Amino acid sequence: MRIIIEPDYEAISRKAAQIVADRIRKKPDIVLGLATGSTPLGMYQELIRMHKEESLDFSKVVTFNLDEYWGLPSSHPQSYHYFMWNNLFSHVNITSERVHIPSGTVNDVEAYCSWYEDKIKKAGGIDLQILGIGRDGHIGFNEPGSSLGSRTRMKTLTPETVEDNARFFENKDEVPKFAITMGGGSIMEAKECLLLASGKNKAETVQRCIEGPICAECTSSILQLHPKVIAILDEEASQKLRRKEYYKYVEKMALKFKKS
Ligand code: PGA
C-alpha cells in the first residue's frame, strides 16, 4: 500500500484530485467507483475546478457509486443520488446514462444487486475506486462482521454509523438504518483504490485498517490484500500509525522515481 501523508484536509483533497485527473487524462473512458460522505467533498470541489479551469473532460467517464441508503428516494436531500448530483455531476460534463448509483427504493433487492454487479462487469470493471473510511472501519457500508468476500447487497447499519450520519438529518429518527452497498469482494476487484481519511477521529481506525490484522471486524483492512492501493491521509488521521515516519521516508525516496 502506498501511503501519502499530507498536512491537512485541503492538501489531501488536492492530491486525490490530481491522481483522479491524471487517471482520467490517461484513460478518458475510465470507470470510476465513487464514494460519498464528508471526506471526498474537497476532492470533488477540486475536480470541478479542474473541469472549469483546466478542461478536465468527464464526457466519456463512467461512474458507479459504492452505496445508497435504503428507503430514501433519489430526490431526498440526504440520498446519495442527491449528494452526487449536487456535489459533482451537475458541475461537470457527465451525462446521466454514464452515472450509476444503487437505488434505495427497489423492491427486489437481491435481483437489483446482481444487476448492479453485472453492470459493473459489463462496463469492464472499476478502474479507480475512491473510498472513505467509517469510524468502525467500514468501506462502503460494509459494517464490522461483513464477509470480506461479500458482493453488492443490503446491510443493516451499526448504531455507530447511524449516529455518525445523524448530523446530516434534522431528526435522528429519520436516519436510515439500512443501505445497499457494494461488498468487500466487489471493491477488491477494482484495479486501483484511493483511500482518503482526514481528522483525528479517524486516526485509530486508519491504524487498524493499514497496520492491524485483516479481519471482518475492520472491513477496510481487506485493502492490505489489494495490489494497488493509495491511502492519502492528513497528519491528524495518520497520527496513530506505528510506521508513519517510514511511510514518509518511502514517499521521499519515491520522488527519485517520479511517482505521481
Ligand atoms: P465521512 O464518512 O467521510 O463522512 O467521515 C466516511 C464513511 O463512512 O465511509
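Below is a table of values for the structure above.
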{"item": "Selected residue [within 16 Å of the ligand (Cβ to nearest atom), part of a loop (DSSP other than H, G, I, E, B) and within 17 Å of the chain's Cα centre (by Cα)] from G42, G33, G37", "result": "G37"}
{"item": "Residue match in the range 210-221 (condition: within 15 Å of the ligand (Cβ to nearest atom), among the polar types (S, T, N, Q), surrounded by fewer than 18 Cβ atoms within 10 Å (Cβ to Cβ) and not in a loop (DSSP other than H, G, I, E, B))", "result": "no"}
{"item": "Output for the range 166-188, where each listed residue is among the hydrophobic types (A, V, I, L, M, F, W, C), more than 20 Å from P73 (Cβ to Cβ) and free of Cβ contacts under 8 Å to residues at least 60 places away in the same chain", "result": "M188"}
{"item": "Some residue of the range 131-145 being away from the ligand (no atom under 13 Å from the Cβ) and farther than 18 Å from V31 by Cβ", "result": "yes"}
{"item": "Checklist (1) touching a strand residue (DSSP E or B) at 6+ places or on another chain (Cβ under 7 Å); (2) buried (at least 17 other Cβ atoms within 10 Å of the Cβ); (3) part of a loop (DSSP other than H, G, I, E, B) applied to T63, failing item", "result": "(3)"}
{"item": "Every residue from the range 38-61 that is closer than 15 Å to T95 by Cα and aromatic (F, W, Y)", "result": "F58"}
{"item": "Pairs, first of a type in the set (F, W, Y) in the range 24-51, second part of a loop (DSSP other than H, G, I, E, B), C-beta under 8 Å, six or more apart", "result": "Y44/L88"}
{"item": "G145 being assigned to a loop (DSSP other than H, G, I, E, B) and either surrounded by fewer than 24 Cβ atoms within 10 Å (Cβ to Cβ) or over 15 Å from the mean Cα position of the chain (by Cα) (or both)", "result": "yes"}
{"item": "Residues that are more than 13 Å from the chain's Cα centre (by Cα) and over 20 Å from G42 (Cβ atoms), drawn from the range 187-208", "result": "E189, K191, E204, Q207, R208"}
{"item": "Lone qualifier among R153, R135 - being over 16 Å from A190 (Cβ atoms), modelled with pLDDT of 95 or more and charged (D, E, K, R)", "result": "R153"}
{"item": "Positions within the range 7-30 being β-branched (V, I, T), in a helix (DSSP H, G or I) and farther than 24 Å from E245 by Cβ, in sequence order", "result": "V20, I24"}
{"item": "Search result, residues across the range 59-78 that are polar (S, T, N, Q) and closer than 18 Å to S96 by Cβ", "result": "S59, T63, N65, S74, S75"}
{"item": "First in the range 114-138 and under 27 Å from I210 (Cα atoms) and polar (S, T, N, Q), second anywhere and within 16 Å of the ligand (Cβ to nearest atom) and in a strand (DSSP E or B), Cβ under 6 Å, 6 or more apart", "result": "Q129/G33; Q129/C193"}
{"item": "Of residues in the range 183-192 being buried (at least 23 other Cβ atoms within 10 Å of the Cβ) and under 19 Å from A231 (Cβ atoms), the one farthest from the ligand (Cβ to nearest atom)", "result": "A190"}
{"item": "Filtered residues of the range 87-132 (kept if part of a loop (DSSP other than H, G, I, E, B) and of a type in the set (S, T, Y))", "result": "T95, S103, T105"}
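Residues checked against (1) closer than 30 Å to D108 by Cα; (2) β-branched (V, I, T):
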site	(1), (2)
F141	yes, no
D173	yes, no
K177	yes, no
T181	yes, yes
N201	no, no
R243	no, no
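The rows are residues; the columns are (1) exposed (fewer than 15 other Cβ atoms within 10 Å of the Cβ); (2) within 15 Å of the ligand (Cβ to nearest atom); (3) at positive phi; (4) of a type in the set (S, T, Y).
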{"site": "G149", "(1), (2), (3), (4)": "yes, no, no, no"}
{"site": "T152", "(1), (2), (3), (4)": "no, no, no, yes"}
{"site": "T161", "(1), (2), (3), (4)": "no, yes, no, yes"}
{"site": "D164", "(1), (2), (3), (4)": "no, yes, no, no"}
{"site": "K172", "(1), (2), (3), (4)": "yes, no, no, no"}
{"site": "P176", "(1), (2), (3), (4)": "no, yes, no, no"}
{"site": "I180", "(1), (2), (3), (4)": "no, yes, no, no"}
{"site": "L195", "(1), (2), (3), (4)": "no, yes, no, no"}
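The values are calculated or read from the model by the stated rules, or taken from the named source; none is laboratory data. Only a predicted model underlies this, so the values are computations on that prediction, with no experimental measurement involved. Methodologically, a virtual Cβ is constructed for each residue, glycine included, from the backbone with ideal geometry; neighbour enumeration extends over all protein chains shown.
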